[in-house]
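Below is one structure, written out as structure tokens; comments come after it.
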Amino acid sequence: MSQEKKKFSVVIAGGGSTYTPEIILMLLDNLDRLPLRAIKMYDNDGERQGKLAPACEILIHEKDPSIEFVATTDPETAYTDVDFCLAHIRVGQLPMREKDEKIPLKYGVVGQETCGPGGLAYGMRSIPGVLENIDYMEKYSPNCWMLNYSNPAAIVAEACRRERPNSRVINICDMPIGLENSYARILGFKSRKEMDIRYFGLNHFGWYTSIKDAEGNELLPKLIEHEKLYGNTMPEDDASSYTDDSWRQTALKARDLVAIEPTMVTNTYLQYYLYGDDMVAHTDPNYTRANQVIDGREKRVFGECARIAEAGTGEGTSLQIGIHAEFIVDLATALAFNTHERMLLIVPNNGAIENFDDDAMVEIPCIVGKDGYEPLSIGKIPTFQKGLMEEQVAVEKLVVDAWQQHSYQKMWQALTLSKTVPSANVAKKILDDFIEANKDYWPELS
């Protein structure tokens, strides 16, 4: 069988996620690039997955009835005979995300899903779930690649580095895709893929140092000047240009990020670390992002999937291909067909950033082929970025220490060291609340 004819089998771990239908639509839209023979959905919450699976089956069979569809809660069924695992699990689901966000806000601290204390609490829950899925994969399909974008990606990646160092796991995040789509729009490109980018940092914590066009013209100064005036918005944008106001405010906040660092373009998640007081001031502690998702996206996606299942057809569906899902197809295609595409991955530094720890999990451009990835050399980074990154890497390592050692002390230190937390006193109060909230998920800390 020639390589062009080969068809692949994928399992989506976290099949009950409201992003799963978007990912399936993206896979179906790219069958010419990544031909598929099977799509499986796997989740340990069969009831939640069951709200999506009938609609997903209809969408798949209307596109290509030859593709086998499976939705299961059984690991052996899910992971047997698969080439790629697309992992986006959320241990504790949205009710725990709500606690991640609201507990820090009680103490005037950033309440966010992956940044600050909430991200550390989420990391403690995510580590065992991701490792469990790696073990299923290795047991039933040892040649499978796991494309892991389960959050918080940095902590999960550090745990994978320590606990499963030889596993076929590639840690990746979709956040830069959204940013690069904005930059492409600002700079007048039809697609982000027309840009040649350079970037370094950690997950949700990095900087663009170069954006060139196909002719090699450097466009970063033009983007910086635009950000000083408009952030990542366009002058003609209004509220209707964004799914909700929080995304518009994030785009506008880039004006403050470029003010503190005017030589690079900063990942917008740095707003939580550099302007945490502003973030807290503009967050309703009683109605956080988790509530918005539960009342908005979740109701919308589950409702539309129920409608498709009842109608028996996906014709006219409001479900859309996830632009954030395209990186999954890019990565799988690069691994399957040795395309040597350049992608941002979360990998051990190993000298890529000269003046940074070798064992830090950094987010940098890599060349991807059939044997995995090859990081590109970044060189030395400036003091400001280096200092911020060293602090954040230490926080992430302490969280993994806390999980491995069941250590209250390490988790307290992690929270205390986080740039978002003002003191050890506040860190301890947050930690004690988190321990109570996560008693069904965290190891017992002592």
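The values are calculated or read from the model by the stated rules, or taken from the named source; none is laboratory data. Nothing here was measured: the structure is a model prediction, and the numbers come from that model. No Cβ is skipped: glycine too gets one built from the backbone with ideal geometry, and neighbour counts run over all protein chains shown. Heavy atoms of the whole protein, side chains included, go into the accessibility calculation; ligands, DNA and RNA do not. Shrake-Rupley method; radii C 1.70, N 1.55, O 1.52, S 1.80 Å.
Quick notes on this one:
- In summary, Cys366 fulfils each of the numbered conditions (1) in contact (Cβ under 8 Å) with a residue 60 or more places away in the chain; (2) within 19 Å of the chain's Cα centre (by Cα); (3) surrounded by 20 or more Cβ atoms within 10 Å (Cβ to Cβ) with the single exception of condition (1).
- Of the residues making up the stretch 51-94, just one is touching a Lys or Arg at 6+ places or on another chain (Cβ under 9 Å), more than 30 Å from Arg289 (Cβ to Cβ), open to solvent by 70 Å² or more (accessible area, probe 1.4 Å) and part of a loop (DSSP other than H, G, I, E, B), namely Ser66.
- Pairs where the first residue, in the stretch 33-55, is closer than 14 Å to Val11 by Cβ and the second is among the acidic types (Asp, Glu) and outside any loop (DSSP other than H, G, I, E, B), C-beta under 8 Å, 6+ apart: Arg37/Glu68; Ala38/Glu68; Ile39/Glu68
- Of residues in the stretch 282-321 being within 28 Å of Leu28 (Cβ to Cβ) and of a type in the set (S, T, N, Q), the one farthest from the chain's Cα centre (by Cα): Thr313
- For the stretch 93-116, the criterion of being under 18 Å from the mean Cα position of the chain (by Cα), more than 25 Å from Leu417 (Cα to Cα) and free of Cβ contacts under 8 Å to residues at least 40 places away in the same chain is satisfied by no residue at all.
- Just so you know, in the stretch 153-163 the residues that are in contact (Cβ under 8 Å) with a residue 60 or more places away in the chain and either within 14 Å of Phe327 (Cβ to Cβ) or open to solvent by less than 40 Å² (accessible area, probe 1.4 Å) (or both) include one that is nearest to the chain's Cα centre (by Cα), and it is Ala153.
- Boolean, Tyr149 is open to solvent by 10 Å² or more (accessible area, probe 1.4 Å) and not charged (D, E, K, R): yes
- Filter result for Leu398 (touching a Phe, Trp or Tyr at 6+ places or on another chain (Cβ under 6 Å) and open to solvent by less than 50 Å² (accessible area, probe 1.4 Å)): no
- Test: residue in the stretch 177-186 that is touching a Leu at 6+ places or on another chain (Cβ under 6 Å), charged (D, E, K, R) and open to solvent by 10 Å² or more (accessible area, probe 1.4 Å): no
- Failed criterion for Asn166 (all others in (1) open to solvent by 40 Å² or more (accessible area, probe 1.4 Å); (2) within 27 Å of Met124 (Cα to Cα); (3) assigned to a loop (DSSP other than H, G, I, E, B); (4) touching a strand residue (DSSP E or B) at 6+ places or on another chain (Cβ under 8 Å) hold): (4)
- So Asp440, is it within 23 Å of Arg90 (Cβ to Cβ) and open to solvent by 70 Å² or more (accessible area, probe 1.4 Å): yes
- Taken as a whole, the stretch 111-132 holds no residue that is farther than 24 Å from Met389 by Cβ, crowded, with 23+ Cβ neighbours inside 10 Å and in contact with a strand residue (DSSP E or B) (Cβ under 8 Å, 6 or more places away or on another chain).
- Within the stretch 350-390, the residues that satisfy the criterion of being among the acidic types (Asp, Glu) and farther than 11 Å from Phe200 by Cα are Glu354, Asp357, Asp358, Asp359, Asp371, Glu374, Glu390.
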